[in-house]
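Below is one structure, written out as structure tokens; the observations come after it.
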There are 2 protein chains.
Amino acid sequence: MSQKPSIPKGTRDFSPIEMVRRNYIFDVIKKSFKKYGFQQIETPAMENLSTLVGTGGDESDKLIFKILNSGDYLAKVDKETLSSQNSSLITHHISEKALHYDLTVPFARYVVQNQNDITFPFRRFQIQPVWRADKPQKGRYREFYQCDADIIGSDSLLNEVDLIKMIDDVFTELFKGKLNYTVSINNRKILSGIVKYFGVEDKFEQIVVVIDKLDKIGEQGVINELEAIGLGDIALKMLTLIYSKEFLETEEIKKPQSQLDQTIGMLNWLSRNVNNTEEGANELLLVFESLKKLGLKTAKVIFDPTLARGLGYYTGTIIEVKVENFPSITGGGRYDDLTGKFGLKNVSGVGISFGADRIYDVLLDNNLYPEFKGDSTQVLFTNQGEADENRFLPMLFQLREAGINAELYTEKAKWQKQMVFAEKKGVKFIVSANEHGEMFVKEMKGTDKKPFSSIDELLTIIQHS
Amino acid sequence: MSQKPSIPKGTRDFSPIEMVRRNYIFDVIKKSFKKYGFQQIETPAMENLSTLVGTGGDESDKLIFKILNSGDYLAKVDKETLSSQNSSLITHHISEKALHYDLTVPFARYVVQNQNDITFPFRRFQIQPVWRADKPQKGRYREFYQCDADIIGSDSLLNEVDLIKMIDDVFTELFKGKLNYTVSINNRKILSGIVKYFGVEDKFEQIVVVIDKLDKIGEQGVINELEAIGLGDIALKMLTLIYSKEFLETEEIKKPQSQLDQTIGMLNWLSRNVNNTEEGANELLLVFESLKKLGLKTAKVIFDPTLARGLGYYTGTIIEVKVENFPSITGGGRYDDLTGKFGLKNVSGVGISFGADRIYDVLLDNNLYPEFKGDSTQVLFTNQGEADENRFLPMLFQLREAGINAELYTEKAKWQKQMVFAEKKGVKFIVSANEHGEMFVKEMKGTDKKPFSSIDELLTIIQHS
């Protein structure tokens, strides 16, 4: 009774070479997280369904993978409920647990549950898979890794500065200066200030949804949709303001200057000219002034007044990192009441999430992975029969004891087959013996076959090649 | 609408110090895996339900956490099926995916699916959580990590030798010679040989189930149960044989000798005296003779003819590692037809699984964790106002650039509160400034406050302490 094996759509297996590349990305990110004082935690894959629902809105709820209760889960559902055949009604009777769809909600739950043991401000990082019942498509998976760093219990904007500097560190290391990327920054308060400036704050959420579509429907599309929700001729004016056209016309911003100076000019202009944007603009000014003082390695950090990142839980700074032709590879922002749902009010936090899977694709497409050395088997003892096994087995363990990744080919196979094995596994050295028991070591890529007669000689040759 | 937050029973959060300890265990295991030529893969947490069911038997099927289909999952279930209220019948209509309950079945699926890209023998390792709807109890969780290493596509017993030597390496490093542990080895063919020797092979499975209970019901209990399944007076004879009493009476085994020599004596005796056990005994003899030649560091490796490890998929060698007062911390064995279910016949494999969560508990109970250094924040810049922020912010980034994990306290908080923060986070150095702008660095545990006036001086002090 055999079946053709497959895996659920939107999920992936990772082969050895893919794992080496993924671990490289995780290691770079983890190193930066630690350098900035973040400490790792892990939360279970499964949370109580009640922890997850109603946190990210209806759309998020639909994305949650729910877990069927164990045992005779239907026994306690009453006949009437069951016969309604109403899926969303019955779900709550047969499912109490679900897979987390991000690491932020579990983190908020963790903070509240452990608030007495945590010293605030708490810098935590978390690298785990998350699951979303999204429609699978290129670059969008149903199971993927997030690498989150958050600072909770501090409203200092120095935290924003730290996060942006950390983004700069991570992508400078990963991209090696060979790939342009943009860190877009906005502040939710600027967006709401502009909307208030035009007196249409009752339509704030709708406006955000429309503005968020710029990439998809273009400027005229946005204007049409804004008019459609009843903004009339305000639509064009608001858009001209939000899309920065006006800033860029002013003398102080137009004249040639650095990216950061231009941004600072834009924020100053906004703060002076558009009532209600002062608070958000001043917050961002502090961030940009600090970045200017501290300097950046490779990040192009811009102020993007159109950046909305959905409605979500953000209340202040919003951050998004993009490279050309890819969806956002990192994003985050400040939230003022993430833990409120779980009973802990007025705790502000800010965080970012590196999307490891998209970063993986970016590095692959741009040929940016380093050559990986020493992670796989370095030495293969070939095996042409029992004499080789007896001869090489003790040496195999002596090499391993010396910290060298080594293997003995365990099968009685033809020489050619053993060479293919060594080739595919990326082995660096091949050890063999001839019929007289003379032993040789050879670099896979070389032709020079060196004789040796003891483990010490073998070690010397390997360590000095 | 606040709720008291909690997590599903049988699952756990891991705090920063717990994560440091867990990563230590994973790193030791991973290093050994690589040294022995194993390559890492990962498979999705979710597999198709059909991949998982019917692989480990009915008992295993009950342990599988099933995932509810997305959307209106009841729409396609016909009314009659639904009104039956038969959970196990309806499950297959509303759930197509499930969480893997081990890493072996997903590995078998992976091997078959990728057989054309894999060069055999394939040494793979995999470190991931698994989920089981088990009754939660001390040391038994519903979500826990397995660290698996398997060699597939080779029936050489040298693979068994490698795995046992690797167990020796891992626990020598983790236990530092301070904790006794036993590696019990059996071979399924010896057990079936003994059963056949008594002519009751039709009762093999029942007998294994009973013998497996020795720890729980004692020797007399086992005899009673064997008699109950109709073995009559064979029960006692078989047991005397299986429990080695006879071996230990023979002259060649009784005389003082090494553990391994005694084992080798037992196996020789068995092979000579009990028909049908030759094949299994000879396999184990090869393993034990190799171990004797190669030597072991700290592992006590014994032959345990009662070791059964359930019925599962094992067909040859069975391995189990125990320390006193704990359930098995590592286990594994050889299987001859794991991939058969997925259409690839006659591929033999052997593997072991380190139980990271139990090893964690063993190390904790025996106080065997090393002191962890350098993983957390090493330097904290204190913050007594804006002057400190301006002064220390550039230095903070210069320290990080020099590879030092550092933080600036972002809040305007009392000195005492900042010291508590530093204490709890395990910070090594505190940097501060007085009202004249003079800067000082002090070891948290010391009293000596050293003045410095530049980042270079600060670096020198830190790096030479």
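The numbers here are math on the coordinates, done by the rules we state, and not lab data. Small disclaimer: the values here were computed from a predicted structure and weren't measured. Quick reminder, even Gly has a Cβ in these numbers, built from the backbone with ideal geometry, and neighbours come from all protein chains shown.
Some points to look at:
- In nm, spacing of pseudo-spin labels at A:Lys297 and A:Ser454 (7 Å Cα→C-beta vector): 4.6
- Between the range A:337-400 and the range A:414-452, the alpha-carbon center distance in angstrom: 27
- Ratio Rg/Rh, restricted to the range A:29-175 and using Cα atoms, in which Rh is the Kirkwood radius: 1.07
- The mean number of partner chain beta-carbon atoms within 10 angstrom of a residue's beta-carbon across peptide B:401-409 is 4.
- Label distances, nm, A:Gln257 versus same residue in remaining copies, Cβ-directed 7 Å point: 9.0
- Globularity ratio of the range A:31-89, using Cα Rg and 2.2 N^0.38 Å: 1.76
- Oblate is the label for the range B:313-386, because the ratio a/c of its alpha-carbon gyration tensor axes (a ≥ b ≥ c) is 1.5 or higher and a/b is not greater than b/c.
- Rounded to the nearest 20 debye, the dipole size of the range A:379-463 about its Cα centre is 400 debye, using +1 on the Cβ of Lys and Arg and -1 on the Cβ of Asp and Glu.
- Efficiency of FRET from Cβ geometry, A:Glu386 and A:Glu443, R₀ 25 Å, rounded to 0.05: 0.40
- What you get for chain A, charging only the Cβ of Lys and Arg (+1) and of Asp and Glu (-1), is a dipole of about 740 debye around the Cα centre.
- B:His464 label point (Cα plus 7 Å toward Cβ) to equivalent points in the other copies: 3.7 nm, shortest first.
- Among B:Met166, A:Ile118, B:Ser88 - extreme Cα towards positive end, dipole of the protein assembly as shown, charges at beta-carbon: B:Met166
- Members of A:Lys135/B:Lys76; A:Lys428/A:Lys449; B:Lys135/B:Lys165; A:Lys135/A:Lys322; B:Lys35/B:Lys176; A:Lys373/B:Lys31 lying beyond 24 Å, as alpha-carbon distances in this model show: B:Lys135/B:Lys165
- 10 Å Cβ neighbours from other chains, averaged over peptide A:69-77: 5
- Cα point-scatterer Debye curve for the protein assembly as shown, base-10 log of I(q)/I(0) at q = 0.05, 0.09 Å⁻¹: -0.36, -1.09
- Relative packing of peptides A:160-172, A:274-286, A:78-90 - highest average C-beta neighbours within 10 Å first: A:160-172, A:274-286, A:78-90
- A point 7 Å from Cα along Cα→Cβ stands in for B:Asp233, and the other copies hold the same point at 11.3 nm, listed in rising order.
- Hydrodynamic radius by Kirkwood, which averages 1/r over all alpha carbon pairs of the range A:379-463, in angstrom: 12.8
- The alpha carbon radius of gyration of chain A, expressed as a multiple of 2.2 N^0.38 Å, is 1.26.
- Stretching the chain fully between B:Lys424 and B:Asn180 yields a gain of 84.4 nm (0.36 nm per residue, less the alpha carbon separation).
- Packing, taken as the mean count of other beta carbons within 10 Å per residue, orders the peptides A:192-204, B:450-462 from highest to lowest as A:192-204, B:450-462.
- At 0.692 mPa s and 37 °C, Stokes diffusion of the range A:163-249 via Kirkwood alpha-carbon radius, µm² per second: 221
- When the Cα positions of A:Gly426, A:Pro394, A:His436 are compared along the charge dipole of the range A:379-463, A:Gly426 comes out farthest toward the positive end, with charges on each C-beta of Lys, Arg, Asp and Glu.
- Simple point charges give the picture: +1 on the Cβ of Lys and Arg, -1 on the Cβ of Asp and Glu, and for the range B:322-465 a dipole about the Cα centre of about 380 debye.
- A protection proxy built from the mean count of other Cβ atoms within 10 Å ranks the segments A:401-407, A:229-235, most packed first, as A:401-407, A:229-235.
- Mean per-residue shielding of peptide B:29-39 is 5, counting Cβ atoms of other chains within 10 Å of each Cβ.
- Size of the range A:261-345: Rg and Dmax of its alpha carbons, in Å, are 14.8, 42.
- Projecting the Cα atoms of A:Tyr369, A:Val195, A:Ile41 onto the charge dipole of chain A (Cβ charges, centred on the Cα centre) puts A:Tyr369 farthest toward the positive pole.
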